[in-house]
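To keep things clear, I will list the structure first and then write my remarks on it.
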Amino acid sequence: MGKMEKVSRRRRRVHYVRQTVLGVVGTAGILAVSMIAPNVFQVLPHIMGKQRYKLAFQTKTAVGRLAVKGHIRSVSRGGKKYVEITEAGKRALALEEAKAARLAGTKRRWDKRYRMVIFDIPERRRGVRERLRRLMHQCGFLGIQKSVWLSPYDCEELIALVKAELRIGKDALYVIVDSIENDSWIKKHFQLQ
């Protein structure tokens with residue numbers, strides 16, 4: 001395995017651990033800090049394989065990063081430390097669930113209409129713009145231009161979550177289109193008809 005593959009694999013694993021910790025805390029609402037690592041051990045044995053000893057450290061690191069992002073916060077009750085999910089964490093969890101549901105349901109019936117996401121995000125928010133492009137790609141959209149992305153399936157809820165998470169309300173538009181000229185290459189890309 002090459003160096004880039006190893007780095008990519010490690011990055012995916014960290015993302016899985018972080019999302020699982022957020023999911024466990026989000027499901028429970030509030031969770032004792034001492035309970036996080038055992039719960040993650042039960043949920044993620046296939047990701048870590050024989051490297052379970054590293055999981056406790058990665059879980060602690062993931063909790064720290066989620067706290068820095070504002071997705072979870074620590075609270076003390078009765079002398080014990082607990083972790084609870086914040087509103088930002090709930091939004092991030094909902095976005096991840098919507099992305100997973102969208103990717104799982106890509107083979108749906110096409111209603112002969114396209115959904116476009118068109119955005120114009122200022123240069124001072126370049127990071128947000130790049131993150132939006134990554135999200136569009138991850139969710140299976142086709143980039144027609146740098147700021148125009150297309151999907152043949154209903155994705156209004158996903159786009160609403162993305163707009164709320166990235167705070168780009170008026171900078172992005174969701175459009176439903178009945179036809180596009182020379183769309184045979186689009187149909188081929190999405191394997192329609």
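The values are calculated or read from the model by the stated rules, or taken from the named source; none is laboratory data. Please read all numbers here as calculations on a predicted model, not as lab measurements. Heads up, the Cβs are rebuilt from the backbone with ideal geometry, glycines too, and the neighbour counts pull from every protein chain shown.
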Given the structure, is ALA104 at pLDDT below 85 and either surrounded by fewer than 18 Cβ atoms within 10 Å (Cβ to Cβ) or assigned by TED's automatic domain parsing to the domain that holds ARG73 (or both)?
yes
Just wondering, is there one or more residues in region 73-85 that are touching a residue at least 12 places away in the same chain (Cβ under 8 Å), part of a loop (DSSP other than H, G, I, E, B) and either assigned by TED's automatic domain parsing to the domain that holds ASP178 or on the phi < 0 side of the Ramachandran plot (or both)?
no
Confirm whether ARG113 is farther than 17 Å from TRP185 by Cβ, touching a residue at least 60 places away in the same chain (Cβ under 8 Å) and assigned by TED's automatic domain parsing to the domain that holds ASN182.
yes
Evaluate the following for TRP185: is it without any contact (Cβ under 8 Å) to a residue 40 or more places away in the chain and in contact with a strand residue (DSSP E or B) (Cβ under 6 Å, 6 or more places away or on another chain)?
no
Qualifying position, being at pLDDT 80 or above and either within 14 Å of the chain's Cα centre (by Cα) or loosely packed, with under 12 Cβ neighbours inside 10 Å (or both), among LEU132, LEU93
LEU132
Which of the following residues is in contact with a His (Cβ under 9 Å, 6 or more places away or on another chain) and either among the β-branched types (Val, Ile, Thr) or surrounded by 18 or more Cβ atoms within 10 Å (Cβ to Cβ) (or both): ILE85, ILE144, ILE186?
ILE85
